[in-house]
Amino acid sequence: MKPHVKLSDTTLTFSMYGNSSASLKEWFLQFTSAKRNHHTELTFNALKNVNLNIDAGEVVGVIGLNGAGKSTLLKTISGIYPPHEGSVNVAGSVTPLIELGTSFDIQLTGRENILINWVMLGRAVPPLKELESQIIEFAELQEFIDMPVKYYSSGMVARLAFSIATAIRPDILLIDEVFSTGDERFVEKAISRMLQLIDSANLVLFVSHNLNMVKQVCNRVIVMHRGSVFADGKPEEMIPLYLDSIVHGAERANLVPAGVLKTGMRT
Amino acid sequence: MFHMAQPVMTDVYLSHGFRDPLSVRASRELNSLWRYKDCVPTFVINNLRRRYQRSVLGFFWSLLNPLLMMTIMTVVFSVFFNKEPRDFALYVFSGLLPWSFMSATMTSGCGSIVEAESYLKKLPVPKLIFPLVHVATEATNFVLSLLALAILGAALGLPFQLSSLLLPLAVVPIVAFTLGITMLLAVSTVYFRDIAHIVAVSLGGIFYLTPILYPVSAVPERFREWYQFNPFFQQFNLLRALVCDGRLPSVQEWSIAIALSVVALSVGTFVYLWRERDIVYRL
């Protein structure tokens, strides 16, 4: 079966909780009518009726302002967020490169963290031994790999995380701004590996604010705005459209609060 | 330089999210657990490793800790209460060790899903992994503490009970019961963060209501029949019969313990599957 990603009418509703929202007392209190609606919470649609059909061979750039739903879209495709409405259909092995390295256990050594991150990507242990030295070599951490990660610099953590996540070729690659740290030399190296991965993966979703890179690697671009697909098409048309109508356009005026639905008690 | 092996697993993921029926979600969960099965031993080993990081005796502490604790208690009881160690040591510890396992696992297991937020928001791992890892880690220590009990028994010169060989059979329902309750508590804590504190206080009280430090015969007759409703007592009852009394538990005793475990596991599984989709939105 060819890898594909299909979202039908996908809607995600987020609730924002205050500090004391989820308490047992309030849960009991809602049974007594007097105290009903005592607590309010804010809900908004992180994704709103998203319809997408992505086939093998497509390298899709996802662009949009902060909070437009780009990362949420990737997390929905990878299965982290189940949709409240509509459906998500994914065929193929998925590697999410989302907020790399933040799930490291800093008390443990780099080598132990390679194993943790490896199994947490849903991969079997046996082939790891062959790959371990390649991961360490690419991350350039030979001398430090048996030291606890708490002694690493943030650049070293980023290098290690990137090397682990990209050590194997997936069918579907989900990339979310992974070059925030690391020195220029490593970023260059990482970008070249990323391009290599994009070349070999069958289907790529690539979230980035780097429009030049999006133009360079993608053959399709989706513009997200306030949880919806604002436009979808060729990079050379979509990037100017995004800059004109969203970044510099009238839409900017009514940006916040994005898609606020209602306030009230939800159980 | 760059490993280009084809990924082993190709998966098809179809989710209607909150509208998927229970059977679909249950089978997806099983698939997912199978796929991520290597996480459990990896995390258990790392947990144990981290606990004894930089200590000279390392993993040996898992054995030494209960041994020292029991030795101190034995000395205190025999010196201050004038009890003969041989009379009470096996009785007290065959209750205390499983109790400590159950109560400590449940208390700290409340937070097992909440504390895994950083993983759950970044990777599509099954949330059940985390209570499983927690219980498995504590169960490893529990089994080692039973070994320490055997050492203590030998040191006190107590005769070895042949029935002790059936001990693994009595450990299974205890672990299963603890897992079920821990699943239930871990999911509930996502919604009501107060639960961790409520559980800690309640278990502190239940400890004194359970015949661990005192014999059942010390309980006034009119309360005694209530003890059969204490699930903790029913769980370590098997272990105590095998190790301390040197007898095989009756069919009734086995059935009660196993039934309690099955109920706990079922409730835990059901609540987990019921709330599983929503958990990531509540962290």
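The table that follows gives values for the structure above.
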quantity	calculated
Principal-axis tilt of helix B:195-209 within chain B, Cα atoms, nearest 10 degrees	20 degrees
Over 24 Å between alpha carbons, listed pairs A:LYS70/A:LYS215; A:LYS6/A:LYS75; A:LYS6/A:LYS48; A:LYS150/B:LYS122; A:LYS2/A:LYS129	A:LYS2/A:LYS129
Within the protein assembly as shown, percent of DSSP bridges classed antiparallel, to nearest 5	60 percent
Relative contact order of the range B:171-278, defined on C-alpha pairs under 8 angstrom at six or more residues apart (%)	53 percent
Carbon plus sulfur fraction of accessible area for the range A:70-169, probe 1.4 Å, in percent	53 percent
Chain B: relative contact order as a whole-number percent, Cα under 8 Å and 6+ apart	27 percent
Principal-axis tilt of helix B:22-35 within chain B, Cα atoms, nearest 10 degrees	80 degrees
Whether the range A:91-141 is rounded, prolate or oblate, judged on the alpha carbon gyration tensor where a/c under 1.5 counts as rounded	oblate
The range B:163-199 and the range B:28-48: distance between their alpha carbon centers, rounded to Å	18 Å
Residue-normalised accessible area of the range A:104-168, given per residue in Å² at a 1.4 Å probe	37 Å²
Helix axis angle, B:61-80 relative to chain B longest principal axis, alpha carbon, degrees	30 degrees
Karplus-derived 3J(HN,Hα), 6.51/-1.76/1.60, for each residue of the range A:154-160, Hz, glycine and proline x	5, x, 5, 4, 4, 4, 5
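The values are calculated or read from the model by the stated rules, or taken from the named source; none is laboratory data. Because the structure is predicted, anything quoted here is derived from the model rather than measured. Heads up: the accessible areas ignore ligands, DNA and RNA and are worked out on the full protein's heavy atoms, side chains in. Shrake-Rupley method; radii C 1.70, N 1.55, O 1.52, S 1.80 Å.
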